[in-house]
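The values are calculated or read from the model by the stated rules, or taken from the named source; none is laboratory data. Bear in mind that the values here come from a model prediction, so they are computed numbers and not experimental data. With ideal geometry, Cβ positions are generated from the backbone for all residues, glycine too; neighbour counts draw on all protein chains shown.
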Amino acid sequence: MIEFRASIIIGSGSLSFEMIRALVERLPVMVMPRWVRVMAQPLAVTDVLAYLLAALTIEISGSLTIEIGGPDRVSYGELMREYARQRGLRRLMIPVPFLTPHLSSLWLGLVTPLYARVGRKLVDSLRHPTVVRDDSARRLFPIQPLGVREAIARALRNEDSSFAQTRWSDAVSAATSAPRQWGGTRFGNRLVDSRSARVAATPATVFATVESIGGQKGWHYANWLWIVRGWIDLALGGVGMRRGRRDPQRLQVGDTLDCWRVELIKPGQRLRLAAEMKLPGRAWLDFEMQPDGDGARLRQTAMFDPVGLWGLAYWYGVWPLHQVVFAGMLRGIARSAERNR
């Protein structure tokens, strides 16, 4: 039997990584207690999986406890700085001699998704360095772990890839009676607002209606609000709503669509638009069509990857307006498709 002991694991779902992400994204100024300066040896989640797979075929006698870690010895503070650098965030970090583990855990419970009691356990575990003290992993396994910089970069790239491949009909309940959370739901660092409607028309007809949105035809609801949004974007130096569309009926990957650009299109099934207006983050608008009896179910999903506190403030500030505009747009598309069936 092999038991692995690891320090900080860098990747989505890791408690330590999610804490670092939340603190850096939400706090322009951070106080840094002593435990933030304790040394660790972070390991990418892909390397953890590599060790686990390799352990299935290694031959040993008895049992072993093996410490695994990446090549870099860094503190939580240094990890926060590297994460901030890769996200393009400026963060002021102020060392302080106080903030006990108990107070730190309460603070983590307030500003991160962690419960205070979970934060307390995590902070308690950070009083001592978690670095590799023997070379068993290097001797027994032909694995070259990633450094901190590449591990964080890969974690962010993997999140983008997983996010792009997500089917929202699988990830979010399609039931109209499901409770809705304020601000939507989270997918890693991203915020998601998804809704669906049953349409008495074929998926092909619904898709044709979705594919014709924007330009002269408009957005099926509150077009004047889209125009105002375009004016605001122009005033901020963005593209506004002036670009229109290449073809009134058909879209292809790379086409401009007012203030959006077509990022993905699967004829008859799915359309994803990437925002090109000025935003404190990245945004997408996704439409997916699926058969539903003799009709279709249309799922419309707005997604936002906020950058820093301003990004979060923007999302939560406009979210109530999105509830009106996006819900109205979904109803308008459904009515138009039913008229054209």
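Considering the range 209-245, and only residues there that are of a type in the set (V, I, T) and part of a loop (DSSP other than H, G, I, E, B), the residue that is modelled with the highest pLDDT turns out to be I213.
Summed over the range 249-294, the residues that are crowded, with 20+ Cβ neighbours inside 10 Å and among the acidic types (D, E) give a count of 3.
Look at the range 1-23: where a residue is in contact (Cβ under 8 Å) with a residue 12 or more places away in the chain and a partner is in a strand (DSSP E or B) and small (G, A, S), sitting 6+ places away or on another chain with Cβ atoms under 7 Å, you get S7/A40; I8/A40; I10/A44; G11/A44.
Search the range 56-71 for residues being modelled with pLDDT under 90 and hydrophobic (A, V, I, L, M, F, W, C), and hand back the single one that is farthest from N158 (Cα to Cα). Selected residue: I60. Take W219 and decide whether it is of a type in the set (F, W, Y) and within 20 Å of L191 (Cβ to Cβ). The answer is no for W219. Pairs are defined by a Cβ separation below 6 Å, a sequence spacing of at least 6 or placement on different chains, a first member in the range 315-341 that is on the phi > 0 side of the Ramachandran plot, and a second member that is assigned to a helix (DSSP H, G or I) and of a type outside the set (A, V, I, L, M); no pair meets this definition. Across the range 200-220, the number of residues qualifying as surrounded by fewer than 19 Cβ atoms within 10 Å (Cβ to Cβ) and either outside the structural domain of G293 (by TED's automatic domain parsing) or of a type in the set (S, T, N, Q) (or both) comes to 2. Under the condition of being under 27 Å from A235 (Cβ atoms) and assigned to a strand (DSSP E or B), the residues counted in the range 254-272 number 6. Scanning the range 320-335 for residues that are in contact with a Leu (Cβ under 7 Å, 6 or more places away or on another chain) and of a type in the set (V, I, T), we see that the one that is surrounded by the most Cβ atoms within 10 Å (Cβ to Cβ) is I333. Scanning the range 273-293 for residues that are closer than 20 Å to D255 by Cα, in a loop (DSSP other than H, G, I, E, B) and touching a strand residue (DSSP E or B) at 6+ places or on another chain (Cβ under 7 Å) yields a count of 1. Of all residues in the range 312-341, exactly one satisfies the criterion of being touching a Pro at 6+ places or on another chain (Cβ under 8 Å) and of a type outside the set (A, V, I, L, M, F, W, C), namely Y314. Scanning the range 1-36 for residues being at pLDDT 80 or above, in a helix (DSSP H, G or I) and more than 18 Å from the chain's Cα centre (by Cα) gives a total of 1. For the range 227-281, a residue qualifies if it is aromatic (F, W, Y) and more than 16 Å from Q216 (Cα to Cα), and exactly one does: W231. Within the range 190-199, the set of residues being closer than 14 Å to R299 by Cα and in contact with a helix residue (DSSP H, G or I) (Cβ under 7 Å, 6 or more places away or on another chain) comprises D193, S194, R195, A197, V199.
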